[in-house]
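Worksheet for the structure shown next.
Readers should treat all values here as calculations from the given coordinates under stated rules, not as data from a laboratory. As the structure is a computational prediction, the values presented were derived from the model and not from experiment. Glycine also receives a Cβ, built like all others from the backbone with ideal geometry; neighbour counts cover every protein chain displayed.
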Amino acid sequence: MGELAVAAATSHAPGIAGSIEAAGDRGQRFHAGLTKIRETFDDAQPDVIIELSNEHFVNFYLHNMPAICVGTGMSFIGPVEPGVANPEAFLKIPQSRVEGHPSLAKDIVRGAYAGGVDVAYSEDLVLDHGFMVPLHFITPNLDVPVVPIFVNNLIERCPCPSASINSAKSCVRS
Amino acid sequence: MSAYAVGKMIWDMGRNLDLIEQYKQDPESVLSRYDLSEEERTAIRNHDALYLYQLGIHPQLLSRGMTRMLGMPQGEWKEATAGAGQNPGLRTTVSPGPARKGEELLRDYGSDPWQWLSTKKENLSAEQASKV
């Protein structure tokens, strides 16, 4: 069982990376907050990041829409944006391969099953701005492995709150 | 012949830049792969965003699909959606309106958003209320 070193939440809108100047002072204030998160991460030196974001019809569509999907792959390419040939131009974030953490990811899946939530899992996922914008500012060198967890809050039926809470508990237990 | 098929085409194109290029060269060769009605094909060819929205294409797919996949110029998309004042759903796909401040939300929700939501149950549809 690991130790929860730090927990943080932030917005992930593409403009945070791609066109922050458009937000003026508000953008600067926002980035000051992101810097605080980064400093907290630097101090805590986590071994792995469990990152939750919502699906945007990037990995999934209605032929198969998981409520919650844990990324169990060795690595994930990001950023990837649908129909965008050069996501770096769109987000000002270079495309790269983000290291995963399969053993922790699989423990989280097992923990979720044990806790009564049948999460999905996949080794073949790409990371869009929802994952890459926060990572880019919090761990700019992408030197901490990431377990990405996709949550469907995009389209009915979304997971009910108890499933989300029980999945979160399994993350904490793992 | 459904919103599902139109959305699936947009989704497939988003994951396959070659398919976008093929659509540019020969739209019919892509359209013919999907189970679309003549009305749907016409709406796609004519960049009829409102028809496709009313058909039930998810806004997330519609906004990116029209401009990135189906070749609708950005200016035309903005014009089409700016004129959707009678159709708040379409308007929110591009302009969600002023964001509420976090303090306002906290004041409303208190410390437990679900508790807050349950007090609003009477304002929800039966389906929504069943999830609270």
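Here are the numbers for this structure:
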| read-out | value |
| --- | --- |
| Spatially proximal aspartates and glutamates relative to A:Lys92 (Cα-Cα < 14 Å; intrachain offsets below 8 disregarded) | A:Glu21, A:Glu81, A:Asp128 |
| Fully extended contour minus Cα-Cα distance, from A:Asn86 to A:Ala22, at 0.36 nm per residue | 20.9 nm |
| Highest-fluctuation residue, A:Leu154, A:Leu62, A:Leu142 considered, GNM on chain A with Cα pairs under 10 Å | A:Leu62 |
| Value at 222 nm in deg cm²/dmol, rounded to 500, when DSSP H runs of n ≥ 4 in chain A each add -39,500 (n - 2.57) | -11500 deg cm²/dmol |
| Residue with peak Gaussian network fluctuation, chain A [Cα springs, cutoff 10 Å], from A:Thr139, A:Thr72, A:Thr35 | A:Thr35 |
| Gaussian network model of chain A, springs between alpha carbon atoms under 10 Å - residue of A:Arg38, A:Arg157, A:Arg110 with greatest fluctuation | A:Arg157 |
| Whole-number D in µm²/s for chain A (Stokes-Einstein; Kirkwood sum over Cα pairs; 10 °C, 1.306 mPa s) | 95 |
| Estimated translational D of the stretch B:3-94 in µm²/s (Stokes, Kirkwood radius over Cα pairs; 20 °C; 1.002 mPa s) | 163 |
| Alpha-carbon centroid distance for the pair the stretch A:32-52 / the stretch A:95-146, whole angstrom | 15 |
| Under 9 Å, Cβ to Cβ, from B:Gly14 - net charge with Lys/Arg +1 and Asp/Glu -1 | +1 |
| Partners for B:Lys78 among aspartates and glutamates (Cα-Cα distance below 12 Å; same-chain residues under 8 apart left out) | none |
| Neighbour net charge for A:Val144 - beta-carbon separation under 13 angstrom, K R +1, D E -1 | -4 |
